[in-house]
Amino acid sequence: MSQLLVRNATLPDGRRGIDLLARDGRFVEVGSGLQAPQGCELLDAQGWLVSPPFVDAHFHLDSTLTFGQPRVNQSGTLLEGIALWGELKPLLTEEAIAERALRYCDWAVARGLLAIRSHVDVCDPRLLAVRALLQVRQEVKPYLELQLVAFPQDGVLRAPGALDNLKRALDLGVDVVGGIPHFERTMGDGAASVRLLCELAAERGLRVDMHCDETDDPASRHVETLAFEAQRLRLHGRVTGSHLTSMHSMDNAYANKLIALMAESGLNAVANPLINITLQGRYDTYPRRRGMTRVPELMAAGVPVAFGHDCVMDPWYAFGSADMLEVAAMGLHVGQLTSAAQARACFDAVTQVPARILGLDGYGLEPGCRADCVLLQARSPVEAIRLRAARLVVVRAGRVIARSAAASATLSLPGRPAQVDFTS
Ligand code: FE2
């Protein structure tokens with residue numbers, strides 16, 4: 001029997017001086033003044049924030065860490081990124097994809113990111129990336145939950161054989177149905193792809209997560225079809241629209257009607273702030289649009305909104321390090337989510353909201369939940385975002401799986417303290 005007692009934690013809901021007792025991988029008691037059972041491992045949180053782990057609702061593990069191969073994206077546009085990925089695909093090997101994905105998972109664990117929904121391109125008839133990531137999913141299972149989305153990067157109708165490949169990927173065990181309606185040849189084909197893929201998901205009892213309207217074109221309205229199909233097929237809560245950047249540029253009258261439909265349909269939304277702010281507005285002069293979807297309005301309407309990382313060092317984005325607090329900080333700034341409640345919602349957008357979108361089992365800090373948590377060098381969720389706080393300790397199923405040094409600096413100034421750590 002393995003036991004761990006985390007002492008003197010601050011929880012995301014503001015409770016202080018809380019102890020959490022884990023036994024055999026689950027939290028069994030959460031409260032004040034818990035006694036340590038005999039032989040129990042102790043972890044003193046020293047009043048720092050203990051949070052459930054970070055969850056990334058939108059990532060691409062098959063392309064991660066390929067930056068510069070075979071060349072760099074010169075224009076910085078989404079379309080050059082897709083073309084570049086097309087050049088790289090024939091050069092990929094299953095081993096290299098798996099090796100890079102595993103390296104990224106190491107980074108994720110170190111950052112307290114223990115669940116990732118990753119899209120995997122199914123347009124390669126060899127399904128190399130699918131096989132590689134299914135193997136990685138199995139390998140990391142003891143410490144990281146990987147959910148895979150069958151993603152037809154070149155368009156399920158536009159790319160020859162893509163629908164067949166997508167179905168084969170699902171047969172092999174890929175979890176979620178993906179799509180990219182705005183990349184199909186016409187608006188009509190885009191809408192048809194949404195209908196087709198939602199029907200496929202409904203037949204197979206799977207969730208849906210589409211790259212949807214990732215463009216500055218306000219006429220790209222596939223999210224409307226996605227919401228409609230979610231409602232028609234009774235997929236409430238199981239369908240996600242990712243990116244939705246066209247909403248940034250839509251007319252307010254239409255956007256308001258659309259947001260109400262999204263809420264009514266139980267649609268989830270994922271914004272990818274780091275990518276949206278760098279890839280959108282690329283055809284603008286000035287003023288230049290930010291491109292991120294209408295996060296505050298969606299949140300206010302009750303649509304679950306998560307922030308995803310999307311890319312790290314790949315054809316679309318040369319930066320990032322699996323840090324969901326960096327993602328949350330960017331989302332907060334780009335969306336001007338500066339009220340106390342909105343800033344706090346940005347923390348939820350990289351923890352509990354994506355956990356619900358992925359349908360994670362036993363996520364949270366209540367008794368009965370799996371004993372997964374992150375000890376952050378911060379006093380509150382908003383401070384964690386402000387500081388991109390150090391992940392002092394990462395716990396999975398009641399076992400410590402990563403530690404990081406606290407962030408601090410040593411000063412040499414007369415009459416001033418020797419140490420500063422930036423916390424409030
Ligand atoms: Fe993506």
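The values are calculated or read from the model by the stated rules, or taken from the named source; none is laboratory data. This is a predicted model, so every value here is computed, not measured. Methodologically, a virtual Cβ is constructed for each residue, glycine included, from the backbone with ideal geometry; neighbour enumeration extends over all protein chains shown. Just the protein is used for accessible areas: all its heavy atoms, side chains included, with ligands, DNA and RNA removed. Shrake-Rupley method; radii C 1.70, N 1.55, O 1.52, S 1.80 Å.
List of remarks:
- Exactly one residue out of Arg131, Arg111, Arg195 is at pLDDT 95 or above and over 26 Å from Ala322 (Cβ atoms), and it is Arg195.
- Filter result (at positive phi and within 16 Å of the ligand (Cβ to nearest atom)) within the range 222-280: His243, Leu244
- Residue count, the range 281-304 (criterion: open to solvent by less than 40 Å² (accessible area, probe 1.4 Å), away from the ligand (no atom under 16 Å from the Cβ) and either of a type in the set (Val, Ile, Thr) or touching a Cys at 6+ places or on another chain (Cβ under 7 Å) (or both)): 2
- Residues being of a type in the set (Lys, Arg) and farther than 21 Å from Leu114 by Cα - total across the range 137-179: 3
- Out of Ala371, Ala389, Ala384, Ala378, one residue alone is aliphatic (A, V, I, L, M), open to solvent by less than 30 Å² (accessible area, probe 1.4 Å) and within 17 Å of Ser2 (Cβ to Cβ). It is Ala371.
- Condition met for Asn268 (under 20 Å from the mean Cα position of the chain (by Cα), modelled with pLDDT of 95 or more and either aromatic (Phe, Trp, Tyr) or within 30 Å of Glu203 (Cβ to Cβ) (or both)): yes
- Restricting attention to the range 325-351, the residues that are assigned to a loop (DSSP other than H, G, I, E, B), open to solvent by less than 10 Å² (accessible area, probe 1.4 Å) and of a type outside the set (S, T, N, Q) total 3.
Residue-by-condition table, conditions (1) of a type in the set (Ser, Thr, Tyr); (2) free of Cβ contacts under 8 Å to residues at least 12 places away in the same chain:
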{"site": "Lys141", "(1), (2)": "no, yes"}
{"site": "Ala150", "(1), (2)": "no, no"}
{"site": "Phe183", "(1), (2)": "no, no"}
{"site": "Thr186", "(1), (2)": "yes, yes"}
{"site": "Ala191", "(1), (2)": "no, no"}
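- Hey, His211 within 16 Å of the ligand (Cβ to nearest atom), more than 15 Å from Gly331 (Cβ to Cβ), open to solvent by less than 30 Å² (accessible area, probe 1.4 Å) and without any contact (Cβ under 8 Å) to a residue 60 or more places away in the chain or not: no
Here is a yes/no grid of residues against (1) open to solvent by 10 Å² or more (accessible area, probe 1.4 Å); (2) modelled with pLDDT of 95 or more; (3) in contact with a His (Cβ under 8 Å, 6 or more places away or on another chain); (4) aromatic (Phe, Trp, Tyr):
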position: Met1; (1), (2), (3), (4): yes, no, no, no
position: Gly14; (1), (2), (3), (4): yes, yes, no, no
position: Gly31; (1), (2), (3), (4): yes, yes, no, no
position: Leu34; (1), (2), (3), (4): yes, yes, no, no
position: Cys40; (1), (2), (3), (4): yes, yes, no, no
position: Leu43; (1), (2), (3), (4): yes, yes, no, no
position: Ser51; (1), (2), (3), (4): no, yes, no, no
position: Val55; (1), (2), (3), (4): no, yes, no, no
position: Phe67; (1), (2), (3), (4): yes, no, no, yes
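- The range 37-61 residues that are touching a residue at least 60 places away in the same chain (Cβ under 8 Å) and among the small types (Gly, Ala, Ser), paired with ones that are assigned to a loop (DSSP other than H, G, I, E, B) and open to solvent by 10 Å² or more (accessible area, probe 1.4 Å) (beta carbon under 6 Å, 6 or more apart): Ser51/Pro12
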